[in-house]
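K.L.:
One structure coming up, written as structure tokens, with questions to follow.
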Amino acid sequence: MQIMETDRIILRPWREDDAPVLFKWASDPELGPRAGWPPHKSVEESREIIRTLFSGEGMWAVELKETGEAIGCVGYLPAASSNLQIAGDECEVGYWIARPYWGRGICTEALRLVIDYCFRVKGFSVLWGDYFPENPASGKVMKKCGFVDTGREVLCPNLEVGSDRPVKVLKLEGAQDAYGTGS
């Protein structure tokens, strides 16, 4: 898996020794439900999430260079794993950042790296994103990266939390650069 970085962050594979810090952030009751998952209940649960969900292609830990600590997750899901019904040459992007780092532009930096990777390396034709309307900050991140609101709202029945609540669907088409302005 490719390691990517900006001046502030490194996107790198998750490691099992990240489990304690993942638990520290993912046990926050304000975090997971905004992204469709329940708060983690133990370090062992966080370790199992790293082993199963975070270990595959397309999932990166967002490491803050200043501390060397994982503070979030960013990645993409191919069509077969997506929460949305999308074509085979498309993917869904997603991310979360620990609450102490909200509002600092870190998600936007991380997502821009993933957008560039998805278009240039993986060759996806369209990227999709979704967010709960009660979490508008997530939508703002996507819009800063060039995603446009499709006007669609759908249910994502495979979410652990919020499967009964609609998400707003955004889309980014074509060969975009890392800033969502087109090339």
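The values are calculated or read from the model by the stated rules, or taken from the named source; none is laboratory data. Everything numeric in this text was worked out from a predicted model, so none of it was measured. Virtual Cβ from ideal backbone geometry, glycine too; neighbours counted across all protein chains shown.
K.L.:
What's the total number of residues in the range 57-91 that are closer than 20 Å to Pro20 by Cα, surrounded by fewer than 16 Cβ atoms within 10 Å (Cβ to Cβ) and among the small types (Gly, Ala, Ser)?
P.N.:
1
K.L.:
Next up: Evaluate the range 18-28: report whether one residue or more is touching a Lys or Arg at 6+ places or on another chain (Cβ under 6 Å) and closer than 26 Å to Asp130 by Cβ.
P.N.:
Initially, the range 18-28 is screened for residues touching a Lys or Arg at 6+ places or on another chain (Cβ under 6 Å), giving 19, 28.
If we keep only those that are closer than 26 Å to Asp130 by Cβ too, we end up with 28.
Yes, that holds for at least one residue.
K.L.:
So, in the range 29-44, exactly how many residues are more than 20 Å from Glu134 (Cα to Cα) and surrounded by 18 or more Cβ atoms within 10 Å (Cβ to Cβ)?
P.N.:
1
K.L.:
I've got another one for you. Would you call Val126 surrounded by fewer than 18 Cβ atoms within 10 Å (Cβ to Cβ), of a type in the set (A, V, I, L, M, F, W, C), within 18 Å of Leu77 (Cβ to Cβ) and modelled with pLDDT of 95 or more? Give the derivation first.
P.N.:
Details: surrounded by fewer than 18 Cβ atoms within 10 Å (Cβ to Cβ): yes; of a type in the set (A, V, I, L, M, F, W, C): yes; within 18 Å of Leu77 (Cβ to Cβ): yes; modelled with pLDDT of 95 or more: yes.
Yes.
K.L.:
When the residues of the range 92-135 are narrowed to those that are over 28 Å from Thr67 (Cβ atoms) and in a helix (DSSP H, G or I), which ends up nearest to the chain's Cα centre (by Cα)?
P.N.:
Looking only at the range 92-135, we keep the residues that are over 28 Å from Thr67 (Cβ atoms), and these are 92, 119-120, 122-128, 130, 132-134.
Okay, now just the ones that are also in a helix (DSSP H, G or I), so 119-120.
Working: Phe119: 16, Arg120: 18 Å.
Only one residue fits best here, namely Phe119.
K.L.:
Restricting to the range 3-46, what's the tally of residues that are within 27 Å of Pro157 (Cβ to Cβ) and out of contact with any His (no Cβ under 6 Å at 6 or more places or on another chain)?
P.N.:
Adding up the residues that qualify gives 19.
K.L.:
Only strands (runs of 3 or more DSSP E) wholly contained in the range 1-80 count here; list those with 1 or more residues that are small (Gly, Ala, Ser) and under 21 Å from Met142 (Cα atoms). Talk me through it step by step, then tell me what you get.
P.N.:
Values: elements: 9-12, 59-64, 69-78.
Passing ranges, in order: 59-64, 69-78.
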